[in-house]
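Enquirer: I have a structure I would like to understand better, so I am pasting it below and will then ask my questions one at a time.
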Amino acid sequence: MNPRDKFVIRSSILELAETGTPRNISIDDKLRNEHKEREIEKTINIWDSITALGAQLSRPPYDPYREIINLGISIGRKQCLNKVVLSMPLIIYDNAIKIEETSLESLHIALDRLAIDSNTNLGLISENEIKNRKFSHFKRINKKSAKVEDYDSEGLVLQYNDDKSLQFLTDIRREFNGPILVEIDDDFQKYIGPLLDTGADGVIADTIKITNNARYKGKHALRVIRDVRYAINQYYAGRENDGIVLMVAGDFNNTGRIVKSAALGADIIGYYTSLLIANAANHYEISSNIHTVPDRICRHILATKGELKGVPAALGYSDFYNLSPADLRTSSIETSLQADIAIEGIDKTYRQIIEELIDEYASEKGIEMNKEKKRELVVQLLTHR
Amino acid sequence: MCGICGIILKDHNNPNFSIGALLYQMMESQQVRAQDSAGIAIFNNINSHNNDLFYNLAYLMESPTEIGEYDLIEKKVSTTIPSNEQVQLISRLSEDNRVSIIGCEKEMKLVKNLGLVKDLDKKYNIKSMKGSHGIGHLRIATSSKVDPSNAHPFSTTVMPDIAVVHNGEISNYSKLRNLLENKGYPFYSNCDSEVIAVFLVDQLLKHGDIQRAHDEFIQKADGPFTYIAATNHSLSLIRDKFGTRKGIVGYNPGKNGYPAFWAMATDLSALDIVGANEYVKAASPGKSIIFTI
Amino acid sequence: MSYNKDILAIKRNLLKESSSSNLIDYYDQSKIILDARKAFDGLIPYSGLGANSTNDYFSSIDLIGGKLKTDEDYSDVDLSLEIGGRYSNNIITTDVPFFISGMSYGSLKLPAKIALHIALNKLAEDGIKVIMNTGEGGALPWEIYGMDIENSSIIEYTNRLLKEHNLDNINREQLFQRHYPLVVQYASGRFWKDPNYLLKADAIEIKIGQGAKIGHGGLLPGSKVTELVAENRGIPPYRSAHSPSRHLDILGPEDLVAKILELREVTDWNIPIIVKVGAARAYDDIKIILKSYADSASIDGYVGGTGAAPWEIRDIIGINTIPSIKMGKDAINDYYSHKEINEFKLLAHGGIWDSKRIAKCIALGANGVGIGTGFLISMGCTLIQDCYTNTCPAGLTGSYEKLDIENSAKRIINYIKGTMVELQNIVGSLGKKRIKDLNKDDLFATDELSNMVSGLSSNNKNYFKQIKDKIRQIDVHGMELNV
């Protein structure tokens, strides 16, 4: 609801309250006219069109004041000896942006302070060397500079480029005992199996980069999360999942998006923008001060931590990682198609509804419909919507 | 969210005792909690002695004559798992929407029905069922439909002789179910409680330790729950880590003409009615109480 | 708790600027403010009123006909609503199918509560009975007692209450009377100490949750818990009042049954009991309420308002009012598949502000609707959503500005009477005599999604049918389809 809609609603009710006689036009009609007049297309923000099902009677909610809500996550599969345990599903992701020196320093101070004072260990991905840190550092490495003495961090991050990347991963896997996260591109379906076979402890999907590539042009970040999670599940079909983590990065700058992407299958979120905002929040303070900025970042993270505990509790979970796509509903067909989320009120995805209608049609007409034809019909109907 | 109970004789070599009558009393005293459906599972090791090579695949079939009625059918299948014949039979049955699969039985007899425990007794004469231990369940549906496939106790077709009754909610049901389905386990209902039986079977096939299986479940499962699980060698009561649902155990040393037994239930009244009011205690949150044979 | 003045100022300016030509994307701006707020005090940010729904379906579902203004006189159209009688001995009747939904003393300031009280009393004198719900914070003395009250401590408390707001000269005789039905809320916080709270009520509403913060308990920020509010609730002053997120003794359906039976016994099975849930798994929740000994279910949609809710919980959790009504109605129909339904009532809340929306909800299957924000707007609410800060510019939820009680009461009366006439016109111009006769056939959906979520399937503009036509077209004419 934008402020203009609010004014329409308010003026309409006030008209009634002041006169007490029937109006000429109802709120809904007035809003519709207003939108038509100003040619506002009904654009729906995919993120905002998703909501979660809260716990009520059929499932009691937990209460963060009474029950412990778990946010901790361990990174590292079976073969990883030194697992890293984070206190929240957040890793500060550099996002390939060159960060200013003082901001970086403030960030390090803040993360240290969080680890020491608030017992909150966050991860940080960066290619720099960070000395005397108290938080978990995931160092970004590439082939050329890899030497044993460079592995001074808790974890490593490398980029998948081509088949040589697999060889590189095999090599460092032999020398490094901490978790290794591999950043994937839009071609992940081809190599995710070999990647996991080689010993990656987690994959990083930068949704901004991936959706900029041809294969995912026009698709939403949620689609990427869903597809990567699906590929991982395929890999584990018929066997035990030994704790692979999926980290997603991109435009996840508030608790709502963190929760929604976690429900769709992300384990860890790459977080950055909000901290920059937090950093610059007090706009009347002209130069950012090395002492106050870390404070702001700490407070911001702690508030976010509170929210991340509050939401699963309200959904009836005592563990953040129990969120699942079944908890989500959407109020938009587009969203339902992109991320396979059920539509509110019907509890089915749009694709399921179409499939049911085709079955209904076939049985009404008494037609035998084979799977091939049905799939083709579904595709036709969904593309010519 | 329902009423559950379980009972195990101290002298388990007394398989001629009608344990069904005791279960019936306990269930009836808890009937006020739930009225949607009722079910029991009773274990008697005499059943299995004569046929070691076969066990029963039990399922409910919608009655062709009476609407809303279901017939219990037991098909003998070979124990050499996985036999082709069995796999085919199960896949055929699970596609049939008139059928709700109960599970595989060797020493166990599992019956369930819509309605009250009275109706269940009328149909299967549960009061006369004999055995060394058994469990009972009364259901009030929270999320899934009221039909026989969603009635408790739940068992599986992967391993014979396991039954679970559950009171509460497994809130991360969909996540657990996806994990197990991805591993290849079949599910036959939409009820969250089925995931307990499948999870325990997965654990038992892995390491065979029932205590460890329960501990794993408590750790992995979310939501308020108490459940009673029975295998041919054990009966156990488990509460979730916050202890949000009830679950109590009591002992009858042999009063009222009964042989000595342990009983467990949701409500104290169910223990009182069968005289199991000694050493009464509640299971600790996040802990399991296990009786083994 | 007070926020940086700056942040409040930014927010207010945003609203001002938006009335000029260049519209700002308020939502994104407010997210930035959200981050700033977190960084400022390290607390979970709250907000007031309801969530900003991206699609509430109200404007894409419309009545077939139905005019707000007509030349004909439809004043004989029956708008009445009865609640109760399924298990209770008493039935409460009202003359309009809408009521004032729960807004507690504490979340609203005293003058606003008094204005509502006086307005409803005056309406009752005119022969129009409207239900008032007390909200979570307990009732005020004049809502429970008459002039014959003898308890000196309550008289003394009343004096202090009125004095705090300089209302000493108010007519006590006018105040200490109640002619409208009062529904008291029985919430997880149990903020009441006077047993008469339950005994003198006309109905009890067990609040499991509310649309603005489903799965989260009620919340009153410390800045609003003044000494008198604290005294009324029986809690320490100036500390945030967090109700538990669930009734600590209601964890499942059988606990709800036990609780309702307990309340039934306290009230001699006389008064109706309503169970209110936030809209989420509406079908399952209403099914459970149907199985317990309740007379009515109340469902509160995603857009439902509040005095204070954690921002993200408000925005992330819940489903819209229209689909929740549809699911609730489905549950009732399934439960009573062979019986006549007349005693179990479904009440809907959330984003329902005027007669058209009321009519749409009732046609979809609700029996009555609750309105909160609509009444606040009539009293002057500016929709600034600062209800959690004690700095309400209209003086409704905060005490900085003074509220004109008499004028407010007049506006509330106008709003109710106007809405009533509009409703009668709508129903009458549709050719019906009673609002209960509205049904799904009177509605049509203008887009596919609204058709699906509202379960409208019986008229020409049915999108299911259109999709099936398309299927036939493709099936018959092959895969080449030009749309």
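The values are calculated or read from the model by the stated rules, or taken from the named source; none is laboratory data. Only a predicted model underlies this, so the values are computations on that prediction, with no experimental measurement involved. Every residue, glycine as well, gets a Cβ built from its backbone with ideal geometry; the counts of neighbours run over all protein chains shown. The accessibility values were calculated without ligands, DNA or RNA, using every heavy atom of the protein model including side chains. Shrake-Rupley method; radii C 1.70, N 1.55, O 1.52, S 1.80 Å.
Enquirer: Kindly state which helices (runs of 4 or more DSSP H) lie completely within the stretch C:173-282 and contain at least 2 residues that are within 11 Å of another protein chain (Cβ to nearest Cβ). Spell out how you get there, then give the answer.
Expert: Numbers: elements: C:196-199, C:227-233, C:253-266.
By residue number, C:253-266.
Enquirer: In the stretch B:79-90, which residue that is surrounded by fewer than 16 Cβ atoms within 10 Å (Cβ to Cβ) and assigned to a helix (DSSP H, G or I) is modelled with the highest pLDDT?
Expert: In the first step, residues of the stretch B:79-90 are kept if they are surrounded by fewer than 16 Cβ atoms within 10 Å (Cβ to Cβ); the result is B:79-85, B:87-88.
From the residues that got through so far, the ones that are assigned to a helix (DSSP H, G or I) too are B:84-85, B:87-88.
On the way: B:ASN84: 74, B:GLU85: 74, B:VAL87: 79, B:GLN88: 82.
The qualifying residue modelled with the highest pLDDT is B:GLN88.
Enquirer: Filtering the stretch A:150-186 down to residues that are part of a loop (DSSP other than H, G, I, E, B) and open to solvent by less than 40 Å² (accessible area, probe 1.4 Å), which residue is nearest to A:GLY218 (Cα to Cα)? Outline the logic, then answer.
Expert: Of the stretch A:150-186, the ones part of a loop (DSSP other than H, G, I, E, B) are A:151-154, A:160-162, A:176-179, A:185-186.
Filter once more, so that each one left must be open to solvent by less than 40 Å² (accessible area, probe 1.4 Å): A:151, A:153, A:160, A:176, A:178-179, A:186.
Working: A:TYR151: 38, A:SER153: 37, A:TYR160: 23, A:PHE176: 39, A:GLY178: 36, A:PRO179: 33, A:ASP186: 13 Å.
Top of the filtered list is A:ASP186.
Enquirer: Take C:LYS113 and tell me if it is assigned to a helix (DSSP H, G or I), in the same structural domain as C:VAL277 (by TED's automatic domain parsing) and open to solvent by less than 10 Å² (accessible area, probe 1.4 Å). It would help to see each step written out before you state the result.
Expert: On the way: assigned to a helix (DSSP H, G or I): yes; in the same structural domain as C:VAL277 (by TED's automatic domain parsing): yes; open to solvent by less than 10 Å² (accessible area, probe 1.4 Å): yes.
For C:LYS113, the condition - assigned to a helix (DSSP H, G or I), in the same structural domain as C:VAL277 (by TED's automatic domain parsing) and open to solvent by less than 10 Å² (accessible area, probe 1.4 Å) - is met.
Enquirer: Within the stretch A:209-231, track down each residue that is open to solvent by 10 Å² or more (accessible area, probe 1.4 Å) and either within 15 Å of A:GLN159 (Cβ to Cβ) or in the same structural domain as A:ALA339 (by TED's automatic domain parsing) (or both).
Expert: Listed by number, the residues that qualify are A:LYS209, A:ASN213.
Enquirer: Quick check on this structure: which one of C:ILE371, C:ILE352 is crowded, with 22+ Cβ neighbours inside 10 Å, out of contact with any Cys (no Cβ under 8 Å at 6 or more places or on another chain), in the same structural domain as C:ILE92 (by TED's automatic domain parsing) and within 29 Å of C:ASN425 (Cβ to Cβ)?
Expert: Numbers: C:ILE352 fails: out of contact with any Cys (no Cβ under 8 Å at 6 or more places or on another chain).
Going through C:ILE371, C:ILE352 in turn, the sole match is C:ILE371.
Enquirer: Take the residues of the stretch A:315-341 that are surrounded by fewer than 20 Cβ atoms within 10 Å (Cβ to Cβ) and among the aliphatic types (A, V, I, L, M): which is nearest to the other protein chains (Cβ to nearest Cβ)?
Expert: That would be A:ALA326.
Enquirer: Run B:HIS166 past the list (1) closer than 23 Å to C:TYR283 by Cβ; (2) surrounded by 19 or more Cβ atoms within 10 Å (Cβ to Cβ); (3) touching a residue at least 40 places away in the same chain (Cβ under 8 Å); (4) more than 12 Å from the chain's Cα centre (by Cα) and report the number of the one that doesn't hold.
Expert: Evaluating B:HIS166 over (1) closer than 23 Å to C:TYR283 by Cβ; (2) surrounded by 19 or more Cβ atoms within 10 Å (Cβ to Cβ); (3) touching a residue at least 40 places away in the same chain (Cβ under 8 Å); (4) more than 12 Å from the chain's Cα centre (by Cα) leaves (4) as the failure.
Enquirer: Let me ask you something else. Check off (1) farther than 20 Å from A:ILE343 by Cβ; (2) out of contact with any strand residue (DSSP E or B) (no Cβ under 6 Å at 6 or more places or on another chain) for C:ALA331 and give me the number that stays unchecked.
Expert: (1) is the only condition that C:ALA331 fails.
Enquirer: Need pairs with beta-carbon distance below 7 Å; first residue of a type in the set (D, E, K, R) and within the stretch B:195-210, second not in a helix (DSSP H, G or I); sequence gap 6+ or separate chains.
Expert: Short answer, once both residue conditions are applied: B:ASP202/B:TYR185.
Enquirer: Taking the stretch A:348-368, which residues are surrounded by 16 or more Cβ atoms within 10 Å (Cβ to Cβ) and facing chain C (nearest Cβ under 10 Å)?
Expert: A:TYR350, A:ILE353, A:ILE354, A:LEU357, A:ILE358, A:TYR361, A:ALA362
Enquirer: While we're looking at this one, here's another question. When residues of the stretch C:159-168 are filtered for being in contact with a Leu (Cβ under 9 Å, 6 or more places away or on another chain), loosely packed, with under 15 Cβ neighbours inside 10 Å and either not in a helix (DSSP H, G or I) or not assigned by TED's automatic domain parsing to the domain that holds C:ALA409 (or both), how many remain?
Expert: The qualifying residues number 2.
Enquirer: What strands (runs of 3 or more DSSP E) completely inside the stretch B:184-293 contain at least 2 residues that are within 25 Å of A:TYR321 (Cα to Cα)?
Expert: On the way: elements: B:225-231, B:234-239, B:248-252, B:261-265, B:278-282, B:288-292.
Strands (runs of 3 or more DSSP E) meeting the threshold: B:225-231, B:234-239.
Enquirer: Can you name the residue in the stretch C:394-420 that is part of a loop (DSSP other than H, G, I, E, B) and open to solvent by less than 50 Å² (accessible area, probe 1.4 Å) and, of all such residues, is modelled with the lowest pLDDT? Before the answer, list the steps.
Expert: Of the residues in the stretch C:394-420, the ones part of a loop (DSSP other than H, G, I, E, B) are C:394-404.
Filter once more, keeping what is open to solvent by less than 50 Å² (accessible area, probe 1.4 Å): C:394-398, C:403.
On the way: C:ALA394: 86, C:GLY395: 86, C:LEU396: 89, C:THR397: 88, C:GLY398: 80, C:LEU403: 87.
Filtering first and then ranking leaves C:GLY398.
Enquirer: Same structure again: Kindly list, by first and then second residue, each pair from a residue in the stretch A:221-243 that is within 11 Å of chain B (Cβ to nearest Cβ) to a residue that is polar (S, T, N, Q), limited to pairs with Cβ atoms under 8 Å and residues at least 6 apart or on different chains.
Expert: Going by the 8 Å Cβ cut-off, the qualifying pairs are A:ASN233/B:ASN178; A:ASN233/B:ASN182; A:TYR236/B:ASN182; A:ALA237/B:ASN182; A:GLY238/B:ASN182; A:ASN241/B:ASN182.
Enquirer: Follow-up. Is there a residue being over 18 Å from C:ALA51 (Cβ atoms) and either in contact (Cβ under 8 Å) with a residue 40 or more places away in the chain or among the small types (Gly, Ala, Ser) (or both) anywhere in the stretch A:23-34? Show your work before the answer.
Expert: Start the filter on the stretch A:23-34 by keeping residues that are over 18 Å from C:ALA51 (Cβ atoms), which leaves A:23-26, A:28-30, A:32-34.
Subset that is either in contact (Cβ under 8 Å) with a residue 40 or more places away in the chain or among the small types (Gly, Ala, Ser) (or both): A:26.
Among the residues of the stretch A:23-34, at least one is over 18 Å from C:ALA51 (Cβ atoms) and either in contact (Cβ under 8 Å) with a residue 40 or more places away in the chain or among the small types (Gly, Ala, Ser) (or both), which makes the answer yes.
Enquirer: Are any residues in the stretch B:91-133 modelled with pLDDT of 90 or more, at positive phi and outside any loop (DSSP other than H, G, I, E, B), and if so, which ones?
Expert: none
Enquirer: Kindly check whether there is at least one residue in the stretch C:313-320 that is more than 15 Å from the chain's Cα centre (by Cα), over 25 Å from C:ASP73 (Cα atoms), assigned to a strand (DSSP E or B) and not assigned by TED's automatic domain parsing to the domain that holds C:LEU34.
Expert: Looking through the stretch C:313-320, at least one residue is more than 15 Å from the chain's Cα centre (by Cα), over 25 Å from C:ASP73 (Cα atoms), assigned to a strand (DSSP E or B) and not assigned by TED's automatic domain parsing to the domain that holds C:LEU34.
Enquirer: Filter the stretch C:29-79 down to residues that are surrounded by fewer than 20 Cβ atoms within 10 Å (Cβ to Cβ), facing chain A (nearest Cβ under 7 Å) and touching a residue at least 60 places away in the same chain (Cβ under 8 Å), then give me how many there are.
Expert: 1
Enquirer: Given (1) assigned to a loop (DSSP other than H, G, I, E, B); (2) crowded, with 20+ Cβ neighbours inside 10 Å; (3) within 14 Å of another protein chain (Cβ to nearest Cβ), identify the lone condition not met by C:LEU423.
Expert: (1)
Enquirer: Is the stretch A:270-280 home to any residue that is at pLDDT 80 or above and open to solvent by less than 10 Å² (accessible area, probe 1.4 Å)?
Expert: From the stretch A:270-280, those at pLDDT 80 or above are A:270-271; that's our starting set.
Of the ones still in play, those that are also open to solvent by less than 10 Å² (accessible area, probe 1.4 Å) are A:270-271.
Within the stretch A:270-280 (the criterion being at pLDDT 80 or above and open to solvent by less than 10 Å² (accessible area, probe 1.4 Å)), the answer is yes, since at least one residue qualifies.
Enquirer: From the list C:ALA212, C:ALA230, which one is open to solvent by less than 10 Å² (accessible area, probe 1.4 Å), in the same structural domain as C:GLN385 (by TED's automatic domain parsing) and without any contact (Cβ under 8 Å) to a residue 12 or more places away in the chain?
Expert: C:ALA230
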